[in-house]
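In what follows, a structure is listed as structure tokens, so that the remarks can point back to it.
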Amino acid sequence: MNLCNPRVIRELMEEAGIRFRRDLGQNFLVDPAVPEEIADAASVDEDAVILEIGPGIGCLTAALAERYRRVVAVEIDRGLIPVLEKTLAEYENVTVVNGDCMEVDLSALLSAAAGGGVPGVDFPVAVAANLPYYITTPILLKLLESGIRFSRITVMVQKEVADRLAAAPGSKDYGAITAVLGYYGTVERRFTVSPGSFLPPPAVSSAVVSIDLYPEPRFKPLSEKVFFAAVHAAFEQRRKTLVNALSARFSDLGKEKLGEIVVSCGFPADVRGERLGTGEFVALSDALFRAREALTGKAD
């Protein structure tokens, strides 16, 4: 069954009595090369368990199942479950779960599918997904903050989002999510996907990016809470200088002290947050942590 054939897709949807749901960002791939390339990029370990988010009718799921030990596909649309049962019937190494990936216990799902053990510790685990544009950042943060030791997260997202995820410090696309991703791993932009590769075609182009997670933490701030607060403060008012942007969340230190801290970290007094890389934000957050601790005895 060619799951990238528009006629097949329409027939499957009609047989199930369901329609494309714009509220869930449903756009199904009709270019067979795209799921193959995403599946190839998903992991370097064929023994990996792959978590797929939003399998749709299963074209990427099938490509993943042919390459890796196990696939756990989480689909939020209940109407697509009988479709997936039909399209993936030949793959015994696929588990389809109806649920919201923002709500389900991903670690428990992966462990159960793999026959027990800790995901990322007792068996390799990676993520592959065609993410709905409206919820890309929350899903990425959920994955990164889950505590699961993913080796790689490969996602197709809106092209503009991909530009931000892979941006360099100082560029117009660099933002809080870029600095946060840099805390967890390295981002590689892989290829662009045109609107015509989907049914129905979205209004914008897409792109595939991979995030290779550090096997061990590369950065060890004195306080993760202060680190994330500093990053988000810097970009909430990105047109302001870093000192002025920080003053909203670190008002207890005062602008004069914040200016001293910024300069002590080796930055110009008028630097903007968009110039700082992840490591520089860690150094800044450590200086903020120490200053608060010295001032109040409570660094957080």
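Read the figures in this text as sums done on the coordinates, not as results from a lab. Since this is a predicted model, take the numbers as computed values, not measurements. Quick reminder, even Gly has a Cβ in these numbers, built from the backbone with ideal geometry, and neighbours come from all protein chains shown.
About its Cα centre, how strong a charge dipole does the stretch 228-300 have in debye, to the nearest 20, once Lys and Arg get +1 and Asp and Glu get -1 at the Cβ? Mind dumping the intermediate values first?
Values: 11 positive and 10 negative charges, 41 e Å.
Computed charge dipole of the stretch 228-300: roughly 200 debye.
Along the Cα-to-Cβ line of Thr192, 7 Å from the Cα, sits a label point; which residues in the stretch 143-164 have backbone N less than 15 Å from it?
Answer for the stretch 143-164: 157-164.
Only counting other Cβ atoms within 10 Å, I'd like Met1, Met13 sorted with the fewest neighbours first. Please report the intermediate quantities before stating the final value.
Details: Met1 14, Met13 19.
Exposure proxy ranking, most exposed first: Met1, Met13.
With unit charges on the beta carbons (Lys and Arg positive, Asp and Glu negative) and the dipole taken about the Cα centre of the chain, which residue among Val155, Gly279, Pro119 sits farthest to the positive side?
So the residue we want is Gly279.
What's the magnitude of the charge dipole for the chain around its Cα centre, counting Lys and Arg as +1 and Asp and Glu as -1 at the beta-carbon? Answer in Debye, nearest 20.
Values: 32 positive and 40 negative charges, 233 e Å.
Dipole magnitude for the chain comes out near 1120 debye.
Can you pull the one-decimal nm distance between simple spin-label points at Arg239 and Ser171, each 7 Å off the Cα toward Cβ?
2.3 nm
Which residues does the label zone of Asp252 cover in the stretch 260-300, counting backbone N under 12 Å from a point 7 Å along Cα→Cβ?
289-300
With Rg and Dmax of the Cα atoms in Å in mind, check [x] 21.6, 67; [y] 19.6, 60; [z] 19.1, 63 and report the label derived from this structure.
[x]
Would you work out which of Leu199, Ile38, Gly259 lies farthest towards the positive end of the dipole of the chain, given +1 charges on the beta-carbon of Lys and Arg and -1 on that of Asp and Glu, about the Cα centre?
Highest projection toward the positive end goes to Gly259.
Can you find, among Thr178, Leu246, Tyr214, the residue sitting farthest towards the positive end of the charge dipole of the chain, where Lys and Arg contribute +1 and Asp and Glu -1 at Cβ?
Farthest along the dipole direction, towards plus: Leu246.
Determine the gain in length on full extension of the stretch Met102-Ala89; use 0.36 nm per residue of separation and subtract their C-alpha separation, reporting nm with one decimal. Mind dumping the intermediate values first?
Numbers: separation 13, 0.36 × 13 = 4.68 nm, distance 2.63 nm.
Additional length available on full extension: 2.1 nm.
Take the alpha carbon atoms of the stretch 47-77, find their center, do the same for the stretch 160-181, and report the distance between the two centers in whole angstrom.
28 Å
Relative to the longest principal axis of the C-alpha atoms of the chain, give the angle of the C-alpha long axis of helix 254-264, reported between 0 and 90° and rounded to the nearest 10°.
Helix 254-264 sits at roughly 80 degrees to that axis.
Enumerate the residues in the stretch 175-214 having an amide nitrogen under 11 Å from the point lying 7 Å beyond the Cα of Asn2 toward its Cβ.
none
Hey, rough spin-label estimate for Ala33 and Ala203, points 7 angstrom out along Cα→Cβ, what's it come to in nanometres?
Going from the Ala33 label point to the Ala203 one covers 2.8 nm.
Taking the Cα centre of the stretch 75-170 as origin, work out the dipole magnitude from +1 charges on Lys and Arg Cβ and -1 charges on Asp and Glu Cβ, in debye rounded to 20. Please report the intermediate quantities before stating the final value.
Numbers: 7 positive and 12 negative charges, 60 e Å.
Once rounded to the nearest 20, the dipole reads 300 debye.
In bins 10 Å wide, starting from 0, what share of all Cα pairs of the stretch 171-240 does each bin hold, as a percent?
16, 34, 30, 16, 3
Using a cut-off of 20 Å between alpha-carbon atoms, which aspartates and glutamates can reach Lys220, once sequence neighbours fewer than 8 places away in the same chain are excluded?
Glu145, Asp212, Glu280, Asp286, Glu293, Asp300
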